[in-house]
1. Check the range 123-140 and report whether any residue there is closer than 24 Å to Gly17 by Cβ, of a type outside the set (Lys, Arg) and open to solvent by 80 Å² or more (accessible area, probe 1.4 Å).
2. Which pairs do you get when a residue that is among the aromatic types (Phe, Trp, Tyr), found in the range 72-95, comes within reach of a residue that is open to solvent by 80 Å² or more (accessible area, probe 1.4 Å), reach meaning Cβ atoms under 8 angstrom, with the pair 6+ apart or on two chains?
3. What number goes with the only condition from (1) open to solvent by 80 Å² or more (accessible area, probe 1.4 Å); (2) not in a helix (DSSP H, G or I) that Gly63 does not pass?
4. Could you check Gly47 against (1) within 30 Å of Val12 (Cβ to Cβ); (2) open to solvent by 70 Å² or more (accessible area, probe 1.4 Å) and say which number it fails?
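The values are calculated or read from the model by the stated rules, or taken from the named source; none is laboratory data. The structure presented is a predicted model; accordingly, all values stated were derived computationally and were not measured. Positions of Cβ are generated from backbone atoms using ideal geometry, with glycine treated the same way; all protein chains shown enter the neighbour counts. Accessible surface is based on the protein model in full, side chains and every heavy atom, while ligands, DNA and RNA are left aside. Shrake-Rupley method; radii C 1.70, N 1.55, O 1.52, S 1.80 Å.
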Amino acid sequence: MFSFLLLIIGFVPLIFGGNFLVDGATSVAKKYKVPNMVIGLTIVAFGTSTPELIVNVISSLKGANQIAMGNIIGSNILNIALILGITTIIKEIVVKRNTTWKEIPLTILSAVVVFFLANDKLIDGAKEGILTRVDGLILL
């Protein structure tokens, strides 16, 4: 029960901090006449990804790299499945031909690459599954 209470208490500054960051950055960008498309693609994206970035940095500094990897993959799955699913329930989304033939196969390819890079135990029989610097270069 106490953990649940801490979780709820933690959501309050997370939500208000994220809104504050996005609202402040957006107002500064509009002051300098930055186009709305750029604001949406950079500032809002950064604002929504900041919590994951902080968790990943802290967990990596503590040596818990599995948390960082799980956070990245889980966040992407949630964003694609939940956000896209809710959006399509509310309003129909028209998928362009370019998305079907280029972006979806590239998304699947990137998931397969991450699977192979992160499964050293399963594929190579290593003692532990780790992402190395070489793996990071491949992910770039």
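1. no
2. Matching pairs, first to second residue: none at all.
3. All conditions are met except number (1).
4. Of (1) within 30 Å of Val12 (Cβ to Cβ); (2) open to solvent by 70 Å² or more (accessible area, probe 1.4 Å), only one is false for Gly47: (2).
For every residue, the table says whether it meets (1) surrounded by 13 or more Cβ atoms within 10 Å (Cβ to Cβ); (2) of a type in the set (Phe, Trp, Tyr).
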position: Leu6; (1), (2): no, no
position: Gly10; (1), (2): no, no
position: Phe16; (1), (2): no, yes
position: Val34; (1), (2): yes, no
position: Leu82; (1), (2): no, no
position: Trp101; (1), (2): no, yes
